[in-house]
Amino acid sequence: MSRRKLNRRQFVAATAATSAVMIAAPYVRGAYAAGKLSIGFWDHWVPDANKASTELCKEWADKEKVDLQVDYITSQGNKNIVTIAAEAQAKSGHDIFQMPTWWCHSNSDLLEPVNDIMEPIIQENGDVNGTVKYLGMLDGKWMGVPACVGSQIKGPCSRIDLMKKHAGIDVQEMYPAGSPPKADNWNTDTFLKAAEACHKAGVPFGIGLGETTDSVDTAGAFFQAFGAQLVDAKGNLTVKTDAVRQVLEFYKKLIAFLPPDVAAWDDASNNKWLVAGKGALIMNPPSAWAVAKRDAPQVAEQCWTHGFPTGPKGRFAPFLPFFWSIWSFSKNKPAAKSLLVHLSKPSSIEKMVDASGGYDLPAFSKLTKLKVWAEQGPPKGTIFHYPDPYQQQVLSIAASPAPPKVAQQIYFQATQTKMCLRYAQGEKMEATLAWAEGECEGFLRS
Amino acid sequence: MADAAFGENAVTRPRPAVGRSGLRKALQRKSSVAFLMTLPLILLIALLVVYPAFYSVHLATLNKSMQRFVGLGNFEFLFKRDTFWLVVKQSCIFAISAVLFKALIGFIVAHFVHNIPAKGQRKWRGMLLVPWVIPPAMSTLAWLWLFDPSYSAFNYTLSFFGIGPIPWTGDAAWARFSVILVNVWYGAPFFMIMYLAALKSVPDQLYEAAAIDGANWWQRIWYVTLPMMRNIIAITTLFSLIVTFANFDIVRILTAGGPLDKTHIFATWAFRVGIEGSDIPLGASVSLFMVPILAVAAIFILRDVSKRGNES
């Protein structure tokens, strides 16, 4: 065995070369030079809709040399909100998390402000509606970027044939595809008359009065249409008002025309009601129509999504936005912001909306007339008015304008639907109001 | 110094031998071996049970935004809420009635199975355990479809007899009945298998002696079977009471606490308040409220068990 001898010159040369490589190494642009990033997206109902988000993220990660991990977290069984609670407690987890409606406010202390990217995004895409500001902003700070994925309006989806035949309402004429609505007469009175007519004909409206979001959102929009607030924006109790009494009277009349089991309905019940062809109207995003297209095409051909009836205080529609928020404990905030900017480009938004078949709604005013909503069918144009292209509705969320942390309690305790149900089941008006006031008083605790 | 050190070593030389034999002796003791063998489990429990338990106590003492210590303020707040007392009442109705029916059905079925000839008994035991073996989240989904407000298979069947439709989950009384029914269906096999094991351990001679004394069927159960099964009944009841009080999945899937909060129990309401309502300290307080109730039950039941153990 020969042993190679290292002389002094060779040793110095080798040491110098090694040192040079080690010093220069961080500046070499490797595959993941910009570090790691993880994102927790909401797992979409629509098959293959996740693919568009993944592709957009990958495209960005390849360009920016970031080692990106994308997870899809379902909202089935509230897994996404349990994960949010766990990450907030552990102060560890994803860098970006897709927050549903109220969760920006409930985690406001743990979210990175994104004003620096929101301003250019709004400049490019147009302003956002009041509900997005209400849910995504605190003291002038944006707590997340409005995500089009999963954001939805839960407006009426009517059966064209049944509404025409039994209620004498031509929903296609009222909300024509491609042009502005002619819905001046579509108000809470005509809605009630139509509900009665369809009930008599054996195809009642399918509006739930359970404790899940579909029931709560519908009740919330009607409360707002009557100007009824349980707690005002300043946090004062406003339960015992004429507006609240009026909406309870309205709901009492409406409940008499609904299926008898609506108190037990969950978010799947109204979809099944429409797909089974049992009712003339439900309040839902176009997912019910999409399922009907697959399972009951003859029903889908007769579906038309349109605007909410107007009430004494205006036309309100339930809007549930998602937000992409960056945890304050994220270790790669610049990369996270860069990704959110990429996902908020008009072309990216259009790609995601297309992939969802028009289910996802951008919150920005310049993006309510994308091609996908005009083209979807059958019947063609069935969801043209789904994104409220002419901005004739106030997009709102139940329990607003109460301070968000109070409103979240009203929303998840389904206080409004419970009030409607109690009063309709024979409880005295004042007893119902006293009960609701007691509940809301409890929600005000800090 | 060196001498002193040497001297000291000389005095203490036998020590290692004493230490080794002491360790050997300790290891030879059954209790030490048992402790060492259970140590991994103890550590696991400390990590997964004790730490979260103390953490939830800590959470229950914080204000809503979790930034301020409020002591027992959350409990004070809860005691003033009508909904909380409704939940307490419902949890007691749910747990006590479900455990009673599970025990009764388990006892009866265990007797039936015990009387089946040994050859065919295994099949029956296996089949009767099926509800307990299926994850409750899955089986409750099947029950949900059976109770579905609009498309209930039960109502469809009952309609042939001119009965119904019954609002299984839409009416407060029926909804309570439904959640208890599913809990009994799920939990009765556990009682059955425990009682069956207890029945098999009752010596036949006792029954023979009772028969010679002229005891009838009821007297044999009352004076022989039940006294011999008392400890098992007590422990099974306690165990089931704890599990049923802490139930979440059945109520959550079947009614989510509705209609009008009339089926909420501690765990489902804690989830509603803590996770959905983002008031984690209040949610933790709701779930901790179970602890004193169950602790009192455990003390009484276990005291009786140990008393009987000492008597025997």
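Every number here is computed from the coordinates shown, using simple stated rules; none is lab data. Computed from a prediction, not measured in an experiment: that's the story for all the values here. Glycine also receives a Cβ, built like all others from the backbone with ideal geometry; neighbour counts cover every protein chain displayed.
Is any helix in chain B, taking whole DSSP H runs, at least 30 angstrom long along its axis by alpha carbon and on average at least -1.0 on the Kyte-Doolittle scale, and which ones?
On the way: long enough: B:82-115 (50 Å, 1.35); B:172-200 (41 Å, 1.27); B:290-311 (32 Å, 0.80).
Once both thresholds are applied, what remains is B:82-115, B:172-200, B:290-311.
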| field | Considering only the protein assembly as shown, percent of DSSP beta bridges that pair antiparallel, nearest 5 | value | 60
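Of all the Cα-Cα pairs you can form in segment A:74-117, what percent are over 11 Å apart?
Working: 654 of 946 pairs.
Across segment A:74-117, Cα pairs with separations above 11 Å total 69 percent.
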| Can you count the Lys pairs in segment B:78-227 with C-alpha separation below 27 Å, eight or more apart or on different chains? | 7
| request: Compute the Rg/Rh shape ratio of segment A:228-375: radius of gyration over Kirkwood radius, all on alpha-carbon atoms. | output: 1.04
| Among B:I45, B:I180, B:I301, residue whose mean-square fluctuation peaks in a GNM of chain B (springs only between Cα atoms under 10 Å) | B:I45
| field | Cα long-axis angle, helix A:115-125 against chain A (0 to 90 degrees, to the nearest 10) | value | 60
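Determine the gain in length on full extension of the stretch A:Y390-A:V82; use 0.36 nm per residue of separation and subtract their C-alpha separation, reporting nm with one decimal. Please list the in-between numbers first.
Values: separation 308, 0.36 × 308 = 110.88 nm, distance 3.70 nm.
Extra length from A:Y390 to A:V82 when fully extended: 107.2 nm.
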| query | Given a cut-off of 19 Å, what percent of all Cα-Cα pairs of segment A:343-446 lie beyond it? | reply | 61
| request: First obtain the Kirkwood hydrodynamic radius of segment B:98-253 from its Cα pairs, then insert it into the Stokes-Einstein equation at 10 °C and 1.306 mPa s, and state the resulting D in µm² per second as a whole number. | output: 90
| remark: With the dipole of segment A:55-176 defined by +1 on each Lys or Arg Cβ and -1 on each Asp or Glu Cβ, the option from A:C157, A:Q69, A:Y134 whose Cα lies farthest towards the positive pole is A:C157
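Charges only on Cβ, +1 for Lys and Arg, -1 for Asp and Glu: so what's the dipole of chain A about the Cα centre, in debye to the nearest 20?
Details: 47 positive and 44 negative charges, 338 e Å.
Computed about the Cα centre, the dipole is about 1620 debye.
Find the eigenvalues of the gyration tensor of the Cα atoms of segment A:157-298, then list the square roots of 5 times those eigenvalues as equivalent ellipsoid semi-axes, largest first, in whole angstrom.
Details: eigenvalues 141, 65, 47 Å².
Those come to 27, 18, 15 Å.
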| task | Calculate, axis by axis, the spread of Cα positions in segment B:166-264 along the three principal axes, and write the results as whole Å, longest axis first. | result | 58, 25, 15
| message | Which of B:F271, B:F154, B:F245 ends up with the largest GNM mean-square fluctuation for chain B, with Cα atoms connected below 10 Å? | response | B:F154
| Scaled radius of gyration (Cα, divided by 2.2 N^0.38 Å) that the protein assembly as shown gives | 1.19
| task | Please quote Rg/Rh for segment A:65-152 to two decimal places, taking the Kirkwood radius as Rh and restricting both calculations to Cα atoms. | result | 0.96
| request: Before anything else, pin down the relative contact order of chain B: Cα pairs under 8 Å, at least 6 apart, normalised by residue count, whole percent. | output: 24
| task | Using only Cα atoms, find the angle between the long axis of helix A:8-24 and the longest principal axis of chain A, and express it within 0 to 90 degrees, rounded to the nearest 10. | result | 10
| message | Give the average over all directions of the projected area of the C-alpha convex hull of segment B:89-132, one decimal, in nm². | response | 3.2
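Could you compute the FRET efficiency for B:H58 and B:F248, with r as their C-beta to C-beta distance and R0 at 25 Å, rounded to 0.05? Can you show the working numbers first?
Working: r = 22 Å, r/R0 = 0.87.
Efficiency computed from Cβ-Cβ geometry: 0.70.
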| field | Part-to-part distance (alpha-carbon centres) for segment A:349-428 and segment B:173-229, which is given in Å | value | 56
| remark: Taking every C-alpha to C-alpha distance in chain B and binning by 20 Å from 0, the per-bin percentages run 23, 45, 23, 8, 1, 0
| task | Can you tell me which of A:148-159, A:168-179 comes out highest on packing, and rank the rest after it, using the mean Cβ neighbours within 10 Å? | result | A:148-159, A:168-179
| Between B:L62 and residues 5 or more places away or on another chain, which pairs have amide H atoms under 5 Å apart, with H built 1.01 Å from N, and which residues are they? | B:V70
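Around A:Q76, what is the net charge, scoring Lys/Arg as +1 and Asp/Glu as -1 over all other residues with Cβ under 13 Å from its Cβ? Before the final figure, lay out the partial values.
Details: positive: A:K79, B:R252; negative: A:D43, A:D266, A:D267.
Result for the local shell: -1.
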| Using alpha-carbon positions, what is the distance between the centroids of segment A:189-238 and segment A:144-186, in Å? | 16
| request: Report the dimensions of segment B:164-213 along its three principal axes from the alpha-carbon atoms, largest first, rounded to Å. | output: 55, 22, 15
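Under a point-charge model restricted to the Cβ atoms of Lys and Arg (+1) and Asp and Glu (-1), what is the dipole moment magnitude of the protein assembly as shown relative to its Cα centre, in debye to the nearest 20?
Working: 74 positive and 59 negative charges, 609 e Å.
Here the protein assembly as shown has a charge dipole of around 2920 debye.
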| remark: For segment B:234-312, the charge dipole (Cβ of Lys, Arg +1; Cβ of Asp, Glu -1; about the Cα centre) points to a positive end, and the Cα of B:T237, B:G283, B:G257 closest to that extreme belongs to B:T237
| Solvent-free Debye scattering, log10 I(q)/I(0), computed from the Cα coordinates of segment A:291-388 at q = 0.10, 0.13, 0.16 Å⁻¹ | -0.40, -0.62, -0.83
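How many percent of all Cα-Cα pairs in chain A sit more than 33 Å apart?
Values: 39304 of 99235 pairs.
The calculated P(r) of chain A puts 40 percent of pairs beyond 33 Å.
Percent relative contact order of chain A, based on C-alpha pairs within less than 8 angstrom and at least six residues apart? All intermediate terms of the calculation are to be shown ahead of the outcome.
Values: 827 pairs, mean separation 108.4, N = 446.
Dividing the mean separation by the residue count of chain A yields 24 percent.
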| request: Please compute the Cα-Cα pair-distance distribution of segment B:20-71 with 10 Å bins starting at 0, giving whole percents from short to long. | output: 22, 25, 20, 16, 12, 4
| remark: Placing +1 on each Lys and Arg Cβ and -1 on each Asp and Glu Cβ in segment A:299-446, then taking the dipole about the Cα centre, the residue among A:Q425, A:P312, A:A363 whose Cα reaches farthest towards the positive end is A:A363
| Once you average over the residues of A:263-272, how many Cβ atoms of partner chains fall within 10 Å of each Cβ? | 5
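For peptide A:411-422, compute the average count of partner chain beta-carbon atoms within 10 Å of each residue's beta-carbon.
Counting Cβ atoms of other protein chains within 10 Å of each residue's Cβ and averaging gives 3.
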| query | With chain B treated as a Gaussian network of Cα nodes joined by springs under 10 Å, which of B:D148, B:D171, B:D82 yields the largest mean-square fluctuation? | reply | B:D82
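Order the peptides A:230-236, B:173-179, A:401-407 from the highest to the lowest mean number of other Cβ atoms within 10 Å of their residues. Don't jump to the answer; show the numbers that get you there.
On the way: A:230-236: 15.7, B:173-179: 19.9, A:401-407: 21.7.
Going from most to least packed, we get A:401-407, B:173-179, A:230-236.
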| said: Tell me the net charge near B:S91. Cut-off is 13 Å between Cβ atoms, B:S91 excluded, with +1 for each Lys or Arg and -1 for each Asp or Glu. | reply: +2
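How high is the relative contact order of segment B:233-312, in percent, counting Cα pairs under 8 Å that sit 6 or more residues apart? Don't skip to the answer; put the middle values down first.
On the way: 63 pairs, mean separation 23.0, N = 80.
After rounding, I find 29 percent.
Summing +1 for each Lys or Arg and -1 for each Asp or Glu, what net charge is found among the other residues whose Cβ lies under 15 Å from the Cβ of A:G93?
Working: positive: A:K36, A:K79, A:K91, A:K331, A:K333; negative: A:D71, A:E87, A:D95, A:E112.
Summing Lys and Arg as +1 and Asp and Glu as -1 gives +1.
Mind checking the dipole of segment A:108-232: about its Cα centre, +1 per Lys or Arg Cβ, -1 per Asp or Glu Cβ, Debye to the nearest 20? Mind showing how you got there, number by number?
Numbers: 9 positive and 17 negative charges, 155 e Å.
It works out to roughly 740 debye.
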| query | If one puts a single equal scatterer on every Cα of segment B:96-172 and applies the Debye formula without solvent, what log₁₀ I(q)/I(0) results at q = 0.16, 0.17, 0.19, 0.23 Å⁻¹? | reply | -0.86, -0.91, -0.98, -1.04
| Between the helical axis of A:79-90 and the dominant principal axis of chain A, each derived from Cα atoms, what acute angle in degrees is found, rounded to the nearest 10? | 50
| task | Please sort by residue number the trypsin sites (Lys or Arg not before Pro) in segment A:39-147 whose DSSP state is loop and whose Cβ has at most 13 other Cβ atoms within 10 Å. | result | A:K91
| remark: dims of segment A:91-240, Cα set, principal axes, largest to smallest, nearest Å -> 56, 42, 29
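Quick check on segment B:64-103: what are the equivalent-ellipsoid semi-axes from the Cα gyration tensor, as sqrt(5λ), descending, whole Å?
Numbers: eigenvalues 193, 26, 10 Å².
Over the Cα atoms of segment B:64-103, the ellipsoid semi-axes are 31, 11, 7 Å.
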